[in-house]
Amino acid sequence: YLSMTDVQNNVFERHHFIFLDGYIKTLTANDIYSQSFYKALENQVYYVTSYFAFAFTLSLGVALLLNELRRGNDFFKVVYCLPMIIPLSIVGGIFQWIFSGTTSGFTNIVMKALGLIQRPYDLWQDYHLALFGLMIARAWKGAGFTIIIFLAGLKGIPRDVREAAAIDGASRLQEAFHVSLPLLRPYLFIGGTWIIINSMKEYDLPSVVTRAGPGQATLTLYFWAWELGLGDYQQMGRAAQV
């Protein structure tokens, strides 16, 4: 309803129905709104695809390793799941410090101790890598859930099936790819869907850590919608269109 009106800062004020005009302008006009929308869309597509590949591979790899552990399995489950209870805003603050450009930033302390840098490096001011920093932060918080999903699937695979593969001469790697993963498909689908959903609604981390910067390098669709409707622009109709 709002997306088909020209309502601005107050949803209860007088407004006019513009039907699809707002969508058409957003897609075809050459103004700040359209340019920012396309930049946010570009960032969102890159973020979703890259984060999916990164988080999916990380979660599956850790789950396969945990499934092979004889001792300490429960301890590592707790370690990977603990970040899930931390609010994303606090996660953003933690990683803002980790990749901070100050001499007290964790990454700079480690890299300087190893002799890899002479001057502090600020990831959040790097136009090409700032978005990847947000991926790492979200993966640290959210990977525990998909690890548990994949691990539950692995625990459900009958032991005699794996033992039969080993008797037939399959290595651990062959057994993982030709036995475990095919039987794990329903769990892979659920975990992959969860990862995609979470990566599509990225707002908290850009808001806390980068404010969509540097430039618009970390501008996402959720953040742009908020900025349009509740930020400086006060364009509720345009925000609803995004």
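The values are calculated or read from the model by the stated rules, or taken from the named source; none is laboratory data. Please read all numbers here as calculations on a predicted model, not as lab measurements. So basically every Cβ, Gly included, is an ideal-geometry build from the backbone, and we count neighbours across all protein chains shown. Ligands, DNA and RNA are stripped out before the accessible areas are found, and what is left, the full protein with its side chains, is counted by its heavy atoms. Shrake-Rupley method; radii C 1.70, N 1.55, O 1.52, S 1.80 Å.
The set of residues in the stretch 179-220 that are hydrophobic (A, V, I, L, M, F, W, C) and open to solvent by 50 Å² or more (accessible area, probe 1.4 Å) comprises Leu183, Phe189, Ile190, Trp194, Ile196, Ile197, Met200, Val208. Here Ile117 does not fit the description of being farther than 29 Å from Gly213 by Cβ, open to solvent by less than 70 Å² (accessible area, probe 1.4 Å) and not in a helix (DSSP H, G or I). Applying a threshold of 9 Å to beta carbon distances and a minimum spacing of six or more residues, or different chains, the list of pairs starting in the stretch 63-79 at a residue that is open to solvent by less than 40 Å² (accessible area, probe 1.4 Å) and ending at one that is part of a helix (DSSP H, G or I) and charged (D, E, K, R) reads Leu66/Lys77; Asn67/Lys155. When the stretch 78-125 is limited to residues that are of a type in the set (Ser, Thr, Tyr) and farther than 22 Å from Lys141 by Cα, the one that is modelled with the highest pLDDT turns out to be Tyr121. Looking only at the stretch 228-240, residues that are surrounded by fewer than 20 Cβ atoms within 10 Å (Cβ to Cβ) and either of a type in the set (Ser, Thr, Tyr) or outside any loop (DSSP other than H, G, I, E, B) (or both) come to 3 in all. Consider Gln35 carefully, then state whether it is in a helix (DSSP H, G or I) and either in contact with a His (Cβ under 8 Å, 6 or more places away or on another chain) or surrounded by fewer than 18 Cβ atoms within 10 Å (Cβ to Cβ) (or both). Yes; evaluated as a whole, the condition is true for this residue. Please work out if Ile18 is farther than 24 Å from Glu202 by Cα, open to solvent by less than 80 Å² (accessible area, probe 1.4 Å) and at pLDDT 90 or above. Yes; evaluated as a whole, the condition is true for this residue.
Answer yes or no as to whether Trp224 is in a helix (DSSP H, G or I), of a type in the set (Phe, Trp, Tyr) and either open to solvent by 40 Å² or more (accessible area, probe 1.4 Å) or under 17 Å from Gly61 (Cβ atoms) (or both). For Trp224, the condition - in a helix (DSSP H, G or I), of a type in the set (Phe, Trp, Tyr) and either open to solvent by 40 Å² or more (accessible area, probe 1.4 Å) or under 17 Å from Gly61 (Cβ atoms) (or both) - is not met.
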